[in-house]
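**Q** A single structure is presented below for examination.
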Amino acid sequence: MNIIFNYQNFPIFAPQKLVIDQMKVLKFGGTSVGSVKSVLNVKKIVEAIDEPVIVVISALGGITDQLLHTSKIASKGDIAYQDGLDEMVTRHLTLIKDIVPVVEQSKVLERTTTMLDELENIFKGVYLIKDLSQKTSDTIVSYGERLSSYIISHVIKDAKLYDSRHFIKTVKQFDKHIVDFESTNRLIKETFESLPNVALVPGFISSNKESGEITNLGRGGSDYTASILAAALDASILEIWTDVDGFMTADPKVISSAYVIDRLSFIEAMELCNFGARVIYPPTIYPVYHKNIPIRVRNTFNPDVPGTYISNEYHAGQNKSVIKGISSINDTCLVTVQGLGMVGVIGVNHRIFRALAQNGISVFMVSQASSENNTTIAVRTEDADLAARVLNEEFALERSQGEINDMIVKKDLATVAIVGESMKHTPGIAGKLFGTLGRAGISVIACAQGASEINISFVIKREYLRKALNSIHDSFFLSEYKVLNIFLTGTGTVGGQLLEQIQHQQPKLMKQNRLKLNVVGIANIDRMIFRREGLDLNNYQKELETNGSETSPAKLCDEILQMNIYNSVFVDCTASDEIASLYEVFLNKNISVVAANKIAASSSYANYKILKEISRKRDIKFLFETNVGAGLPIINTMNSLMNSGDHILKFEGVFSGTINYIFNTISENIQLSQAIRMAFEAGYSEPDPRIDLSGTDVIRKLVVLAREAGYKLEQADVVKKLFIPDSYFKGSIENFWKQIHHLDREFEEKRKQLALQNKRLRFVARMENGTCEVGLMEVDSHHPFYELEGSNNIILITTERYHEFPMIIKGYGAGAEVTAAGVFADIISIANIR
Ligand code: ADP
Ligand code: ASP
Ligand code: MG
């Protein structure tokens, strides 16, 4: 049963004298009393304290869940409840045997067994009558704390056990138990008038003020027990001991780069806890805040670190971040009251909140457009249907008159809040927040910022929660490192090299650039494998074989979209048109694309334009530098020239490493046909060398470049002046190999003639003012294309600025290593290293 924290119920006393000077309250959560090792840590921590302490203890880790779960099973008449019960019995008895001093063991075992027998009888009753009332459930769940505190009181030296049911008193409001502070504070003071060295108190449990029935303070309520005690007794500090190093910038279980916040104000802590930072149960803050008693969050497993200090003083965040933390609630529903009949009508909101309050429904976020035609409230999923029903009833008349519509309920949502006192009067935070979400492709369904400017909260689809938290954390906090998540498809020569290069560079990038390259998915033609935390690149091939699943472009696409991972890039090292056709889907989901594959950028102009437009609109990247000139920075250079206001008037270049190799190889002793075969055998050419010789590959490159230079062009627009007649490209490849020697003589003639004139042949692609052609060119020894060794590429770019002397880029134009390096450079440019 949830507890509502009721401010009115909290008596505002003038600060009182300390009952006992320098008394501390320590609370150890379930995570701190889950195992022998952790209980020994608790013992060590408590016994090292000199001043009197009250130690509040939760149930053993996981026991509260198990008690609730087992009672549900029993209430269905399912005998399997006994298994759950047996497990719990064993766990407690084993802990006693492991940890309680031998002399006390039999006594402790006996009393514990008695309690467990009682529990067993209650379970049996639930099982037999198949009924689980709230009262019975509250009784069952209380055994968690009753057992743990009893056992631990025999582990910590000189500890005296108290029963919190005797002094934490509740009353019932709207079906929920709330603390009755008047009686509780009085009883606490009476009970602890004199304090032993160590007072051991079970957290969470309480009893009804009138009936004495067992109640509790709601899930996570031990924190609250400790806070109530600390406030009532004017403790010097409230220490919350848990399993993390302190209050962190976000839940470390979701954000691996979250870090400990050294100081928080009460207000900041309250805002973060209210929005789901489970590390402290939300109502906990108020009692100590009111008495100005600081809280320190500490780690039972790492007691030497200082943790987080929460007080009424405000301190700017570390790393100069304007926000202190991010928290979230993943069970959110929005209920919208809407209708033209609301506009300008006074009292609609009053009626909404009155109706909800009368039914005990807690609203944690409200948003109303200034048009006043709708008010949206956020409630927990468990309250959503009831909220819609009571509002439909409240506005029954207006609905029948068509002035207000039926309530609209949206489920499966999550709420995220960013919190920090420095947000006050700092412009641009909301802009940065929503810009970040936009870039991650996450749309905001509702949002609210209080006038206090300490918290901005917004609601999104639940499936986007992890991605939203990661993106915001990345954007607002100078984390230890930034993460870029990579999906790679194609593990052939280029893809394989790329993975090697990434693996080699990973430590350096992490150290020098604080960039973590996380390869989260790898696919080859047969199989694919994914791992959110990153794959081990040492043995990805083996992983693919043993743990990978069968792949297809559609399966690959589904899997990537389902992972919905933030800051991610899809890297295509295949030559597949099916894979190229996935880019649009990925870009639309804000996944950047890096393609070594030329198909998309050289496909129809319309498709190229769509991809460019999506990436521009979504502020992500579609990069394909290696489509032309392997690792040479040609596209990048052109883009930079144009972005700085230059115009590309003309370019010409040699882009076919294969053809260049052939022309460089032909000699008196090596004929054309032989040179082609050598290129084929050395792996320089495509498996079918006609793709190179027909100019197809060069045309693709030319089209990509012309488009990047700002011209609208299709492959069919390129004028082809080929050096091999069309007839050779028809028929089978075997036929081609048989026929090609017919051209040898003519070529040899030509070569000799050119050699006499000191000229060489080059296969050149040219663009001038949007007109494109490919063909042979004779160059003399003064021409920049004359000296072009091996499979090198060269380009001369003439622009308005580089006019008289064109810009030249020259170097290796083929090869897996340089191509992979070019792909790598594209990936790094997406990471946007800070
Ligand atoms: P305990 O059993 O000690 O009460 P809880 O599980 O209730 O422990 O709370 C500790 C957990 O809170 C941490 O393990 C962590 O996963 C989670 N948590 C959520 N948000 C935060 C945050 N902002 N800082 C630290 N921990 C958080
Ligand atoms: N044992 C209770 C729970 O798990 C209370 C607590 O641990 O704070 O909710
Ligand atoms: Mg807790």
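The values are calculated or read from the model by the stated rules, or taken from the named source; none is laboratory data. What you see is a predicted model, and the numbers here were worked out from it, not measured in a lab. Glycine also receives a Cβ, built like all others from the backbone with ideal geometry; neighbour counts cover every protein chain displayed.
**Q** For region 393-439, which positions are part of a strand (DSSP E or B) and closer than 25 Å to Ala277 by Cα?
**A** Residues satisfying the conditions are Lys410, Lys411, Asp412, Leu413, Ala414, Thr415, Val416, Ala417, Ile418, Val419.
**Q** Looking only at region 50-93, count every residue that is within 12 Å of Glu145 (Cα to Cα) and more than 35 Å from the chain's Cα centre (by Cα) and tell me the total.
**A** Here the count works out to 1.
**Q** Evaluate region 176-192: report whether one residue or more is farther than 20 Å from Val288 by Cβ, more than 16 Å from ligand 3 (Cβ to nearest atom) and β-branched (Val, Ile, Thr).
**A** no
**Q** Of the conditions (1) surrounded by 15 or more Cβ atoms within 10 Å (Cβ to Cβ); (2) away from ligand 3 (no atom under 16 Å from the Cβ); (3) closer than 30 Å to Ser194 by Cβ; (4) not small (Gly, Ala, Ser), Ile73 clears all except one; give me its number.
**A** Just one mismatch for Ile73, condition (3).
**Q** Among the residues of region 631-672, write down those that are surrounded by fewer than 24 Cβ atoms within 10 Å (Cβ to Cβ), touching a strand residue (DSSP E or B) at 6+ places or on another chain (Cβ under 9 Å) and in a loop (DSSP other than H, G, I, E, B).
**A** The answer is Gly631, Pro633, Asp646, His647, Ile666.
**Q** Just to be sure I understand, how many residues within region 221-263 are more than 10 Å from ligand 1 (Cβ to nearest atom), not in a loop (DSSP other than H, G, I, E, B) and not charged (D, E, K, R)?
**A** 11
**Q** Oh, and also: Among the residues of region 366-390, count how many are at pLDDT 90 or above, of a type outside the set (Val, Ile, Thr) and crowded, with 16+ Cβ neighbours inside 10 Å.
**A** 6
**Q** What are the residues in region 217-238 that are away from ligand 2 (no atom under 15 Å from the Cβ) and among the charged types (D, E, K, R), if any?
**A** Across region 217-238, the qualifying residue is only Asp234.
**Q** A follow-up question, please. If I filter region 682-693 down to residues being without any contact (Cβ under 8 Å) to a residue 60 or more places away in the chain and not in a helix (DSSP H, G or I), which single residue comes out as surrounded by the most Cβ atoms within 10 Å (Cβ to Cβ)?
**A** Ranking the qualifying residues of region 682-693, first place goes to Ser685.
**Q** Sticking with this structure for a sec: Consider region 562-576. How many of its residues are over 13 Å from Ile522 (Cα atoms) and either modelled with pLDDT of 95 or more or touching a Pro at 6+ places or on another chain (Cβ under 8 Å) (or both)?
**A** Selection size over region 562-576: 1.
**Q** Can you find a residue in region 26-40 that is at pLDDT 50 or above, outside any loop (DSSP other than H, G, I, E, B), away from ligand 1 (no atom under 16 Å from the Cβ) and over 28 Å from Gln134 (Cβ atoms)?
**A** yes
**Q** Is region 507-518 home to any residue that is at pLDDT 95 or above and more than 22 Å from Val254 (Cβ to Cβ)?
**A** For region 507-518, residues at pLDDT 95 or above and more than 22 Å from Val254 (Cβ to Cβ): absent.
**Q** Separate question: In region 579-623, which residues are free of Cβ contacts under 8 Å to residues at least 60 places away in the same chain, in contact with a strand residue (DSSP E or B) (Cβ under 7 Å, 6 or more places away or on another chain) and among the polar types (S, T, N, Q)?
**A** Of everything in region 579-623, just one residue is free of Cβ contacts under 8 Å to residues at least 60 places away in the same chain, in contact with a strand residue (DSSP E or B) (Cβ under 7 Å, 6 or more places away or on another chain) and among the polar types (S, T, N, Q), namely Ser615.
**Q** If you don't mind, there's one more thing I want to ask. Search region 264-301 for residues being in a helix (DSSP H, G or I) and among the aliphatic types (A, V, I, L, M), and hand back the single one that is surrounded by the most Cβ atoms within 10 Å (Cβ to Cβ).
**A** Leu272
**Q** Considering Ser475, Ser443, Ser457, which residue is part of a loop (DSSP other than H, G, I, E, B), of a type in the set (Ser, Thr, Tyr) and under 30 Å from Ser370 (Cβ atoms)?
**A** So the residue among Ser475, Ser443, Ser457 that is part of a loop (DSSP other than H, G, I, E, B), of a type in the set (Ser, Thr, Tyr) and under 30 Å from Ser370 (Cβ atoms) is Ser443.
**Q** Just one of Ala679, Ala675 is assigned to a helix (DSSP H, G or I), touching a Pro at 6+ places or on another chain (Cβ under 8 Å) and either touching a residue at least 12 places away in the same chain (Cβ under 8 Å) or closer than 23 Å to Ser604 by Cα (or both); which is it?
**A** Step by step, each of Ala679, Ala675 is checked, and only Ala679 is assigned to a helix (DSSP H, G or I), touching a Pro at 6+ places or on another chain (Cβ under 8 Å) and either touching a residue at least 12 places away in the same chain (Cβ under 8 Å) or closer than 23 Å to Ser604 by Cα (or both).
**Q** How many residues does region 582-630 contain that are part of a helix (DSSP H, G or I), among the β-branched types (Val, Ile, Thr) and over 22 Å from the mean Cα position of the chain (by Cα)?
**A** 4
**Q** Conditions: (1) more than 16 Å from ligand 1 (Cβ to nearest atom); (2) farther than 20 Å from Tyr281 by Cα; (3) in contact (Cβ under 8 Å) with a residue 60 or more places away in the chain. Ile45 meets all but one. Number of the miss?
**A** So Ile45 meets the others, but not (1).
**Q** Under 7 Å between Cβ atoms, at least 6 apart or on separate chains: pull out the pairs that start in region 202-225 with a residue that is in contact (Cβ under 8 Å) with a residue 60 or more places away in the chain and end on any residue that is among the acidic types (Asp, Glu) and within 16 Å of ligand 1 (Cβ to nearest atom).
**A** The qualifying pairs are Pro202/Glu145; Gly203/Glu145; Phe204/Glu145; Ile205/Glu145.
**Q** Restricted to region 170-208, and to residues that are more than 30 Å from Ala277 (Cα to Cα) and part of a loop (DSSP other than H, G, I, E, B), which residue is nearest to ligand 2 (Cβ to nearest atom)?
**A** Going through the qualifying residues, I end up with Phe192.
Yes or no, residue by residue, for (1) in contact with a helix residue (DSSP H, G or I) (Cβ under 9 Å, 6 or more places away or on another chain); (2) not in a loop (DSSP other than H, G, I, E, B):
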residue	(1), (2)
Ile73	yes, yes
Glu87	yes, yes
Val103	no, yes
Leu116	yes, yes
Ile140	yes, yes
Tyr143	yes, yes
Leu147	yes, yes
Ile156	yes, no
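**Q** Could you please let me know if Glu239 is away from ligand 3 (no atom under 16 Å from the Cβ) and acidic (Asp, Glu)? Lay out the reasoning, then the answer.
**A** Working: away from ligand 3 (no atom under 16 Å from the Cβ): no; acidic (Asp, Glu): yes.
Spelling it out, it is not the case that Glu239 is away from ligand 3 (no atom under 16 Å from the Cβ) and acidic (Asp, Glu).
**Q** So, one more: Look at Thr136 and say whether it is away from ligand 2 (no atom under 16 Å from the Cβ), crowded, with 17+ Cβ neighbours inside 10 Å and under 21 Å from Gly220 (Cα atoms).
**A** Yes.
Listed here are the residues, each with its yes/no results for (1) out of contact with any helix residue (DSSP H, G or I) (no Cβ under 9 Å at 6 or more places or on another chain); (2) within 16 Å of ligand 3 (Cβ to nearest atom); (3) closer than 30 Å to Phe192 by Cα.
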{"residue": "Ser211", "(1), (2), (3)": "yes, no, yes"}
{"residue": "Val244", "(1), (2), (3)": "no, yes, no"}
{"residue": "Thr249", "(1), (2), (3)": "no, no, no"}
{"residue": "Ser257", "(1), (2), (3)": "no, no, no"}
{"residue": "Asp262", "(1), (2), (3)": "no, no, no"}
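Residues are listed down the side, and each one gets a yes or a no for (1) of a type outside the set (D, E, K, R); (2) assigned to a strand (DSSP E or B); (3) touching a residue at least 12 places away in the same chain (Cβ under 8 Å); (4) buried (at least 18 other Cβ atoms within 10 Å of the Cβ):
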position	(1), (2), (3), (4)
Leu776	yes, yes, yes, no
His783	yes, no, no, no
Gly790	yes, no, yes, no
Arg801	no, no, yes, no
Phe805	yes, no, no, no
Lys810	no, yes, yes, yes
Ala814	yes, no, yes, yes
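**Q** Which condition from (1) surrounded by fewer than 19 Cβ atoms within 10 Å (Cβ to Cβ); (2) at pLDDT 90 or above is the one that Arg762 breaks?
**A** For Arg762, the exception is condition (1).
**Q** Are any residues in region 239-251 within 14 Å of ligand 2 (Cβ to nearest atom) and either more than 25 Å from Lys324 (Cβ to Cβ) or crowded, with 21+ Cβ neighbours inside 10 Å (or both), and if so, which ones?
**A** Hits for region 239-251 are Ile240, Trp241, Thr242.
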